[in-house]
Amino acid sequence: MSLLRAAASALLAASSVAATGVLLPLYVYPSAEYNDGAANWKPVVDAAAATSNVPWLVVVNPADGPGGTGLPGNDDVNYISGLTQLNALANVQTIGYVHTEYGTSSMDVLQSNITKWASWGSSSSDTAVQGIFFDESSTNSFEYLNTAITFTRTAFGNQQIKTVCNFGSAVKATEFYTICDVVIVFESALNDPNYPVYESTTTIAANTPGAGYHDQAAVIVHDYVGTSADGRTADTTLLHTYIQEARDADLGWLYFCSGGYNSVTTGPATVGALAAAF
Ligand SMILES: *[C@@H]1O[C@H](CO)[C@@H](O)[C@H](O)[C@H]1NC(C)=O
């Protein structure tokens, strides 16, 4: 290959390879015992460290928000230890949790929480979060979200933060992709007849405006247990298949877990198995 062609193809690779990352709602309390160095988060730290070429967004949530104190980690040594370990990894961004109650949360309360999250980094970068997770986002509340996200970017000094909007279901309107860096378009069990089931690239295509939006989209499959809707066993082999298909579809972000958001060690989709499947 000529030098020019080599340079051109390297450039192409850099611009066209959108690495699929992990978007983990880490609602697990960091410690099993007080001041144990965030033992409960160790499987996450290990999994992220083992996949240094995979970007991770880790949503932290001490109290349905940043907590009342406004201090880093809500002034909890266990949170401070866990955050410090996650933030030490170059491929991890920690993200602070707020909820919008489908566009009905008081904007003053929401903004006050965002200001608290932004302030966690003012005393030490170890405890900084690098974005905000807007849970319970609604596709009926564009102006509300737009106001909140504009406020967020200013509160964080317009750094390279990530705004993550959890709609939990299809987002076909392209305007949301102009304000949310990450758009969660599926949040459901693998295969519960009462809820939407996960069908890999069929779900990704159906729930986004088109292939050009896949790299901003995210899917979250909780209760990865039993069998899939098309009758395959939910094991680590199928997990690997789903991750490969998502990467081939240029999906931005994904998360699979077997024990809901309060366990990272329940199999088959433990956080370690998820990392190994990459
Ligand atoms: C704001 O944060 C507080 C404390 O964590 C939480 O109780 C409240 O529900 C949050 N409200 C919103 C709208 O995020």
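The values are calculated or read from the model by the stated rules, or taken from the named source; none is laboratory data. These numbers come from a predicted model, not from an experiment. Here the Cβ is made from the backbone with ideal geometry for all residues, glycine too, and neighbour counts use every protein chain on show.
Against the test of being free of Cβ contacts under 8 Å to residues at least 60 places away in the same chain, out of contact with any His (no Cβ under 8 Å at 6 or more places or on another chain), β-branched (Val, Ile, Thr) and buried (at least 16 other Cβ atoms within 10 Å of the Cβ), the options Val219, Val164 yield a single qualifying residue, Val219.
What pairs can you find where one residue is in region 49-64 and closer than 13 Å to Ile132 by Cα, the other is assigned to a helix (DSSP H, G or I) and more than 16 Å from the ligand (Cβ to nearest atom), and their Cβ atoms are less than 6 Å apart, with a gap of 6+ or different chains? Within 6 Å, the pairs are Val58/Leu86. Scanning region 80-92 turns up one or more residues that are surrounded by fewer than 22 Cβ atoms within 10 Å (Cβ to Cβ), among the aliphatic types (A, V, I, L, M) and touching a strand residue (DSSP E or B) at 6+ places or on another chain (Cβ under 8 Å). In the set (1) within 16 Å of the ligand (Cβ to nearest atom); (2) more than 25 Å from Ala148 (Cβ to Cβ); (3) in contact with a helix residue (DSSP H, G or I) (Cβ under 8 Å, 6 or more places away or on another chain), the condition left unmet by Gly73 is number (2).
Report whether or not Val60 is in contact with a Ser or Thr (Cβ under 8 Å, 6 or more places away or on another chain), closer than 23 Å to Thr270 by Cβ and within 16 Å of the ligand (Cβ to nearest atom). Yes; evaluated as a whole, the condition is true for this residue. Does Asn74 qualify as being in contact with a Ser or Thr (Cβ under 6 Å, 6 or more places away or on another chain) and either under 30 Å from Ser52 (Cβ atoms) or free of Cβ contacts under 8 Å to residues at least 12 places away in the same chain (or both)? Spelling it out, it is not the case that Asn74 is in contact with a Ser or Thr (Cβ under 6 Å, 6 or more places away or on another chain) and either under 30 Å from Ser52 (Cβ atoms) or free of Cβ contacts under 8 Å to residues at least 12 places away in the same chain (or both).
To keep it simple, each residue is scored yes or no on (1) in contact with a Gly (Cβ under 8 Å, 6 or more places away or on another chain); (2) part of a loop (DSSP other than H, G, I, E, B); (3) within 19 Å of Asp250 (Cα to Cα).
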{"position": "Thr147", "(1), (2), (3)": "no, no, no"}
{"position": "Phe151", "(1), (2), (3)": "no, no, no"}
{"position": "Gly157", "(1), (2), (3)": "no, yes, no"}
{"position": "Ser169", "(1), (2), (3)": "no, yes, yes"}
{"position": "Thr178", "(1), (2), (3)": "no, no, yes"}
{"position": "Val183", "(1), (2), (3)": "no, no, yes"}
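For Tyr213, the test of being within 20 Å of Asn61 (Cα to Cα), part of a helix (DSSP H, G or I) and within 20 Å of the chain's Cα centre (by Cα) is failed. If the condition is being away from the ligand (no atom under 13 Å from the Cβ) and over 20 Å from Thr84 (Cβ atoms), then region 96-140 contributes Ser138, Thr139, Asn140. Residues that are part of a loop (DSSP other than H, G, I, E, B) and hydroxyl-bearing (Ser, Thr, Tyr) within region 218-238 comprise Tyr224, Ser228, listed in sequence order. Kindly indicate whether Gly65 is over 18 Å from Asn262 (Cβ atoms), within 16 Å of the ligand (Cβ to nearest atom) and modelled with pLDDT of 95 or more. Taking the combined requirement at face value, the residue does not satisfy it. What about Tyr224, is it without any contact (Cβ under 8 Å) to a residue 40 or more places away in the chain and hydroxyl-bearing (Ser, Thr, Tyr)? In short, no. Evaluated against (1) more than 16 Å from the ligand (Cβ to nearest atom); (2) out of contact with any Pro (no Cβ under 6 Å at 6 or more places or on another chain), Gly82 falls short on exactly one condition, (2).
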